[in-house]
Amino acid sequence: TAKCGACGPGYATPLDAMKGKSCCQSGFCGGTNQTPAWEGPREEIVYVPCIYRNTGTEKPDYLATVDVDPKSPHYCQVIHRLPMPNLRDELHHSGWNACSSCFGDATKRRNRLILPSLISSRVYVVDVGTDLRAPRIHKIVEPVELFWKGNVANPHTSHCLGSGDILISCLGDPSGRGKGGFILLDGETFEVKGNWEKGDKVPPLGYDFWYQPRHNVLMSTEWGAPKALADGFNPADVERGLYGQHINVWDWSTHTYLQAIDLGKGSVPLEIRFLHSPQAAEGFVGCALSGAVHRFYKAEEGGWAAEKVIEVPSKKVQGWLLPDMPALITDILLSLDDRFLYFSCWLHGDIRQYDISNPRQPRLLGQVFLGGSITKGGPVTVLEDKELQCQPEPFVIKGKKVAGGPQMIQLSLDGKRLYVTTSLYSGWDKQFYPDLVKEGSVMLQIDVDTERGGLKVNPNFLVDFGKEPHGPVLAHEIRYPGGDCTSDIWL
């Protein structure tokens with residue numbers, strides 16, 4: 001029997017993660033140690049990238065440590081800020097040097113946060129192991145490394161691999177054109193090893209990805225060409241083919257591009273999530289512009305296919321950029337037990353909870369409005385709405401009227417708390433929600449009914465990033481020190 005604590009980072013299974021069971025409590029190594037302080041059922045701190053690009057404040061982006069422990073005297077406060085040494089990076093999403101994919105490897109520790117910059121193409125490696133509450137910069141991978149060694153730029157999603165390497169998807173090439181390539185970092189030295197993909201075929205666009213080794217597959221999605229989306233959204237660019245419409249299917253073992261699943265012109269598929277169970281041969285992807293969620297699955301005749309299972313209808317409006325306002329589904333996630341699907345509609349302003357016990361027929365169980373573009377008294381008038389009887393009230397919490405709409409979401413391991421931030425990306429925030437850029441974003445918490453279903457805003461939880469020391473800032477993705485349902489993959 002392995003000695004206790006000899007299991008590596010993360011959890012043996014998604015359900016162990018949900019229960020906060022450490023390696024020894026899961027019976028994996030035969031020991032009886034208690035859960036390490038940083039990997040347990042109740043999150044106490046979270047890491048949130050904060051962005052100054054496009055806000056008018058000439059300060060570097062930073063990584064905020066936020067206290068989310070209700071018993072703490074610093075509850076709902078930023079307790080540490082780690083500024084980057086450069087301006088206008090546009091920090092965006094983050095990942096780990098090691099996660100549950102390395103569970104069986106006792107030599108691995110989850111002690112480095114990988115922080116790619118969407119615009120500058122830098123990758124920051126942040127040490128969170130020395131002091132969990134006060135991260136520090138460990139290494140900086142400069143953009144030229146990605147340009148020279150991989151001919152890629154605009155890194156987006158990073159996942160650790162069971163091999164110990166770190167895989168990062170990219171949006172484009174160094175000239176700003178779209179290119180769905182990947183870069184590999186060494187998990188120990190964080191040197192750029194080169195491209196992950198092999199062969200001549202590469203998708204025209206890139207964005208998010210997820211992998212499932214038991215089915216020998218990696219799936220990636222497509223946002224848009226960096227030069228098109230960098231400073232805002234132009235609807236004409238959709239017609240020009242500068243925005244995505246495919247799930248791209250890769251052979252996991254040979255790293256070759258196999259298949260494109262077409263979700264329709266102008267769909268713009270963003271976040272992609274396999275079910276957490278490593279045996280599962282299906283998952284979901286949210287499409288920003290079409291307002292659809294598609295289930296993708298392994299087809300009986302070979303290859304992979306997709307079917308639309310949820311559609312949020314656009315609203316006929318006046319006083320807005322277009323006569324039809326899409327929901328703009330921007331973030332989706334699945335609870336660790338694969339029972340519930342959550343997603344945010346950044347423009348319409350709501351977050352939804354669906355029962356996916358039948359993945360082909362999701363059932364809406366909970367919905368809550370947290371701002372958005374169609375609230376009463378704003379510049380937009382809704383002329384026709386297939387879902388609502390009237391425009392929702394503006395969202396006010398602790399006396400603050402919230403600008404923007406719900407965007408990034410993160411679920412607690414036990415599935416009972418959903419955290420939300422309101423910034424999408426500074427270039428689009430500035431265009432669609434100018435008040436958000438002026439006032440800063442917020443972080444909220446929604447209480448989840450995991451028995452009957454339902455969502456309710458916690459009226460006592462507000463992190464107001466409009467009150468930061470150097471002025472209002474745009475807070476983006478939420479990450480727990482012990483891993484979470486959007487960063488950990490089980491093998």
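Descriptive notes on the structure:
- Taking the range 78-103 as the range and being within 22 Å of the chain's Cα centre (by Cα) and surrounded by fewer than 15 Cβ atoms within 10 Å (Cβ to Cβ) as the test, only 83 passes.
- So residue 255, is it at pLDDT 95 or above and over 30 Å from residue 320 (Cβ atoms): yes
- In the range 249-270, the residue that is farthest from residue 331 (Cα to Cα) out of those that are among the small types (Gly, Ala, Ser) and open to solvent by 40 Å² or more (accessible area, probe 1.4 Å) is 253.
- Residue match in the range 376-392 (condition: closer than 26 Å to residue 335 by Cα, open to solvent by less than 40 Å² (accessible area, probe 1.4 Å) and either in a strand (DSSP E or B) or touching a His at 6+ places or on another chain (Cβ under 8 Å) (or both)): no
- Subset of the range 104-124 that is assigned to a loop (DSSP other than H, G, I, E, B) and hydroxyl-bearing (Ser, Thr, Tyr) - its residue that is surrounded by the fewest Cβ atoms within 10 Å (Cβ to Cβ): 107
- Test: residue 309 is in contact with a strand residue (DSSP E or B) (Cβ under 6 Å, 6 or more places away or on another chain), under 30 Å from residue 375 (Cβ atoms), open to solvent by 20 Å² or more (accessible area, probe 1.4 Å) and among the β-branched types (Val, Ile, Thr): yes
- Residues in the range 55-81 that are assigned to a loop (DSSP other than H, G, I, E, B), of a type in the set (Val, Ile, Thr) and either in contact with a Lys or Arg (Cβ under 6 Å, 6 or more places away or on another chain) or more than 20 Å from residue 438 (Cα to Cα) (or both): 68 only.
- No other residue among 303, 283 is crowded, with 22+ Cβ neighbours inside 10 Å and either in contact (Cβ under 8 Å) with a residue 12 or more places away in the chain or touching a strand residue (DSSP E or B) at 6+ places or on another chain (Cβ under 9 Å) (or both) apart from 283.
The values are calculated or read from the model by the stated rules, or taken from the named source; none is laboratory data. Just so we're clear, the structure is a prediction, and the values are computed from it rather than from any experiment. Don't worry about glycine lacking a Cβ; one is built from the backbone with ideal geometry, like all the others, and counts go over all protein chains shown. Only protein heavy atoms, including side chains, enter the accessible area calculation; ligands, DNA and RNA are left aside. Shrake-Rupley method; radii C 1.70, N 1.55, O 1.52, S 1.80 Å.
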